[in-house]
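The values are calculated or read from the model by the stated rules, or taken from the named source; none is laboratory data. Keep in mind it's a predicted model, so treat the numbers as computed, not measured. With ideal geometry, Cβ positions are generated from the backbone for all residues, glycine too; neighbour counts draw on all protein chains shown. Side chains are part of the model used for accessible areas, which takes the heavy atoms of the whole protein and leaves out ligands, DNA and RNA. Shrake-Rupley method; radii C 1.70, N 1.55, O 1.52, S 1.80 Å.
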Amino acid sequence: SFDSIPEQEEAKRLLRAALAEGPAHAYLFHGPAGVGKRGTALAFAAELLGNDPRVERRSHPDVYVLEPLGEQIRIDAVRELRRDLHMRPFEAQRRVYLVFAAHAMNDEAADALLKDLEEPPEYAVIVLVADEVGSLAETIRSRCQAVPFRRLSERAVREHVRSRAPELAEDEVTSIARVAGGRLDRAERLLDAAASRRREALLE
(Lines give C-alpha, C1' and ligand atoms only; values in the text may rest on other atoms or scores of the structure.)
Protein backbone atom coordinates (compact mmCIF):
# COMPACT_ATOMS: atom_id res chain seq x y z
CA SER A 1 0.00 0.00 0.00
CA PHE A 2 3.06 2.28 -0.03
CA ASP A 3 3.23 2.07 -3.82
CA SER A 4 1.06 5.16 -4.26
CA ILE A 5 3.51 7.26 -2.19
CA PRO A 6 6.11 8.88 -4.47
CA GLU A 7 9.79 8.33 -3.57
CA GLN A 8 10.56 8.41 0.22
CA GLU A 9 12.48 5.15 -0.05
CA GLU A 10 14.14 5.44 3.38
CA ALA A 11 10.78 5.94 5.11
CA LYS A 12 9.26 3.01 3.23
CA ARG A 13 12.23 0.78 4.09
CA LEU A 14 11.90 1.57 7.80
CA LEU A 15 8.15 0.96 7.81
CA ARG A 16 8.36 -2.28 5.83
CA ALA A 17 10.90 -3.51 8.37
CA ALA A 18 8.53 -2.52 11.18
CA LEU A 19 5.71 -4.48 9.56
CA ALA A 20 7.95 -7.52 9.11
CA GLU A 21 9.50 -7.47 12.59
CA GLY A 22 6.65 -6.00 14.62
CA PRO A 23 5.99 -2.30 15.18
CA ALA A 24 7.46 -0.07 17.85
CA HIS A 25 5.05 1.68 20.19
CA ALA A 26 5.61 5.15 18.72
CA TYR A 27 6.87 6.75 15.49
CA LEU A 28 7.71 10.28 14.47
CA PHE A 29 7.23 11.01 10.77
CA HIS A 30 9.07 14.26 10.14
CA GLY A 31 9.96 16.35 7.12
CA PRO A 32 8.64 19.19 4.95
CA ALA A 33 4.94 19.67 4.38
CA GLY A 34 3.44 18.19 1.25
CA VAL A 35 5.87 15.32 0.67
CA GLY A 36 3.68 12.32 1.58
CA LYS A 37 3.82 12.00 5.38
CA ARG A 38 0.06 11.99 5.86
CA GLY A 39 -0.61 9.47 3.08
CA THR A 40 2.19 7.25 4.34
CA ALA A 41 0.81 7.37 7.90
CA LEU A 42 -2.60 6.23 6.66
CA ALA A 43 -1.00 3.50 4.54
CA PHE A 44 1.05 2.32 7.54
CA ALA A 45 -2.07 2.27 9.72
CA ALA A 46 -3.90 0.26 7.06
CA GLU A 47 -1.08 -2.30 6.94
CA LEU A 48 -1.06 -2.57 10.74
CA LEU A 49 -4.79 -3.26 10.69
CA GLY A 50 -4.78 -5.90 7.96
CA ASN A 51 -4.80 -3.58 4.94
CA ASP A 52 -8.37 -2.56 5.69
CA PRO A 53 -9.76 0.00 3.17
CA ARG A 54 -11.73 1.70 5.95
CA VAL A 55 -8.50 3.23 7.28
CA GLU A 56 -8.19 5.50 4.25
CA ARG A 57 -11.77 6.66 4.86
CA ARG A 58 -10.97 7.08 8.55
CA SER A 59 -13.93 4.89 9.43
CA HIS A 60 -12.07 1.95 10.98
CA PRO A 61 -12.97 1.66 14.68
CA ASP A 62 -9.35 0.98 15.65
CA VAL A 63 -7.94 4.15 14.06
CA TYR A 64 -7.95 7.39 16.04
CA VAL A 65 -7.02 10.61 14.21
CA LEU A 66 -6.10 13.79 16.05
CA GLU A 67 -5.63 17.04 14.14
CA PRO A 68 -5.28 20.66 15.24
CA LEU A 69 -8.37 22.68 15.98
CA GLY A 70 -7.33 26.00 14.51
CA GLU A 71 -3.59 26.49 14.79
CA GLN A 72 -2.89 24.31 17.83
CA ILE A 73 -3.46 20.90 19.33
CA ARG A 74 -4.70 21.70 22.82
CA ILE A 75 -4.69 19.81 26.09
CA ASP A 76 -8.40 18.84 25.89
CA ALA A 77 -7.85 17.02 22.58
CA VAL A 78 -4.91 15.07 24.01
CA ARG A 79 -6.89 14.22 27.14
CA GLU A 80 -9.60 12.76 24.92
CA LEU A 81 -6.99 10.72 23.03
CA ARG A 82 -5.53 9.49 26.33
CA ARG A 83 -8.94 8.28 27.48
CA ASP A 84 -9.36 6.38 24.22
CA LEU A 85 -5.82 5.01 24.40
CA HIS A 86 -6.73 2.71 27.25
CA MET A 87 -9.60 1.05 25.41
CA ARG A 88 -8.98 -2.40 24.01
CA PRO A 89 -9.09 -2.85 20.20
CA PHE A 90 -12.58 -3.28 18.76
CA GLU A 91 -11.72 -5.53 15.80
CA ALA A 92 -7.98 -5.71 15.11
CA GLN A 93 -5.08 -6.87 17.26
CA ARG A 94 -4.04 -3.28 17.91
CA ARG A 95 -5.20 0.32 17.81
CA VAL A 96 -3.42 3.00 15.79
CA TYR A 97 -3.31 6.66 16.84
CA LEU A 98 -2.40 9.22 14.17
CA VAL A 99 -1.48 12.69 15.43
CA PHE A 100 -1.28 14.96 12.39
CA ALA A 101 0.58 18.29 12.72
CA ALA A 102 2.13 17.12 15.98
CA HIS A 103 4.40 20.18 15.86
CA ALA A 104 1.25 22.22 16.64
CA MET A 105 0.85 20.76 20.13
CA ASN A 106 1.04 23.39 22.82
CA ASP A 107 3.23 22.71 25.87
CA GLU A 108 0.38 21.35 28.00
CA ALA A 109 -0.75 18.97 25.29
CA ALA A 110 2.80 17.73 24.68
CA ASP A 111 3.37 17.12 28.39
CA ALA A 112 0.14 15.13 28.60
CA LEU A 113 0.99 12.99 25.57
CA LEU A 114 4.48 12.33 26.94
CA LYS A 115 2.98 10.36 29.83
CA ASP A 116 1.53 7.83 27.40
CA LEU A 117 4.68 7.66 25.31
CA GLU A 118 6.53 6.57 28.45
CA GLU A 119 4.21 3.61 29.13
CA PRO A 120 1.88 3.01 26.18
CA PRO A 121 -0.55 0.09 26.18
CA GLU A 122 0.98 -2.92 24.43
CA TYR A 123 -1.73 -2.93 21.74
CA ALA A 124 -1.31 0.75 20.79
CA VAL A 125 0.83 2.24 18.01
CA ILE A 126 1.15 6.03 18.09
CA VAL A 127 2.27 7.89 14.95
CA LEU A 128 3.19 11.57 15.29
CA VAL A 129 3.36 13.45 11.97
CA ALA A 130 5.29 16.72 12.12
CA ASP A 131 6.48 19.23 9.53
CA GLU A 132 9.34 20.18 11.83
CA VAL A 133 10.62 18.72 15.07
CA GLY A 134 12.19 21.79 16.65
CA SER A 135 9.04 22.53 18.64
CA LEU A 136 8.79 18.97 19.99
CA ALA A 137 10.52 18.27 23.28
CA GLU A 138 13.53 15.97 23.18
CA THR A 139 11.73 13.74 25.68
CA ILE A 140 9.03 13.13 23.07
CA ARG A 141 11.44 12.69 20.16
CA SER A 142 13.55 10.20 22.10
CA ARG A 143 10.55 7.95 22.74
CA CYS A 144 9.63 7.66 19.06
CA GLN A 145 11.31 5.88 16.19
CA ALA A 146 12.17 8.63 13.71
CA VAL A 147 11.00 8.18 10.12
CA PRO A 148 12.47 10.94 7.93
CA PHE A 149 10.83 12.36 4.81
CA ARG A 150 12.57 14.47 2.14
CA ARG A 151 11.52 16.97 -0.47
CA LEU A 152 10.43 15.23 -3.65
CA SER A 153 12.36 15.38 -6.88
CA GLU A 154 11.14 17.68 -9.63
CA ARG A 155 10.41 14.56 -11.70
CA ALA A 156 8.04 13.20 -9.03
CA VAL A 157 6.19 16.52 -8.80
CA ARG A 158 5.93 16.69 -12.61
CA GLU A 159 4.36 13.22 -12.68
CA HIS A 160 1.85 14.28 -10.03
CA VAL A 161 0.96 17.45 -11.94
CA ARG A 162 0.52 15.50 -15.19
CA SER A 163 -1.83 13.03 -13.50
CA ARG A 164 -3.87 15.84 -11.95
CA ALA A 165 -3.99 18.14 -14.96
CA PRO A 166 -3.34 16.22 -18.20
CA GLU A 167 -4.59 19.18 -20.23
CA LEU A 168 -1.60 21.35 -19.28
CA ALA A 169 1.22 21.92 -21.75
CA GLU A 170 4.56 20.36 -20.87
CA ASP A 171 6.22 23.74 -20.21
CA GLU A 172 3.44 24.61 -17.74
CA VAL A 173 3.86 21.25 -16.00
CA THR A 174 7.61 21.84 -15.67
CA SER A 175 7.13 25.40 -14.42
CA ILE A 176 4.64 24.32 -11.75
CA ALA A 177 6.96 21.52 -10.62
CA ARG A 178 9.84 23.97 -10.24
CA VAL A 179 7.79 26.52 -8.32
CA ALA A 180 6.43 23.75 -6.05
CA GLY A 181 9.95 23.10 -4.77
CA GLY A 182 9.50 19.41 -4.06
CA ARG A 183 6.13 19.78 -2.32
CA LEU A 184 2.85 18.37 -3.61
CA ASP A 185 0.76 20.72 -1.47
CA ARG A 186 2.26 23.69 -3.31
CA ALA A 187 1.61 21.98 -6.63
CA GLU A 188 -2.02 21.43 -5.62
CA ARG A 189 -2.43 25.09 -4.75
CA LEU A 190 -1.02 26.07 -8.13
CA LEU A 191 -3.43 23.68 -9.84
CA ASP A 192 -6.44 25.05 -7.98
CA ALA A 193 -8.79 26.56 -10.55
CA ALA A 194 -9.50 29.48 -8.21
CA ALA A 195 -5.78 30.21 -8.09
CA SER A 196 -5.22 30.22 -11.86
CA ARG A 197 -4.43 33.93 -11.97
CA ARG A 198 -1.93 33.59 -9.15
CA ARG A 199 -0.39 30.63 -10.95
CA GLU A 200 0.02 32.62 -14.12
CA ALA A 201 1.66 35.43 -12.17
CA LEU A 202 4.05 33.01 -10.45
CA LEU A 203 4.96 31.25 -13.65
CA GLU A 204 5.71 34.55 -15.36
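Quick notes
- Condition check for residue 203 on (1) over 19 Å from the mean Cα position of the chain (by Cα); (2) at pLDDT below 90; (3) open to solvent by 60 Å² or more (accessible area, probe 1.4 Å): one failure, at (3).
- Qualifying residue in the range 53-60 (condition: touching a helix residue (DSSP H, G or I) at 6+ places or on another chain (Cβ under 8 Å) and among the small types (Gly, Ala, Ser)): no
- Within the range 163-174, considering residues that are of a type in the set (Gly, Ala, Ser) and open to solvent by 40 Å² or more (accessible area, probe 1.4 Å), the one nearest to residue 192 (Cα to Cα): 163
- The conditions of being under 15 Å from residue 26 (Cα atoms), among the β-branched types (Val, Ile, Thr) and surrounded by 15 or more Cβ atoms within 10 Å (Cβ to Cβ) are not met by residue 157.
- Any chance residue 20 is closer than 26 Å to residue 142 by Cβ and touching a residue at least 24 places away in the same chain (Cβ under 8 Å): no
- Taking first residues from the range 127-149 that are over 20 Å from residue 68 (Cβ atoms) and touching a residue at least 40 places away in the same chain (Cβ under 8 Å) and partners that are among the hydroxyl-bearing types (Ser, Thr, Tyr) and open to solvent by less than 40 Å² (accessible area, probe 1.4 Å), the Cβ contacts under 9 Å between residues at least 6 apart in sequence or on separate chains come to 145/27; 146/27; 147/27; 147/40.
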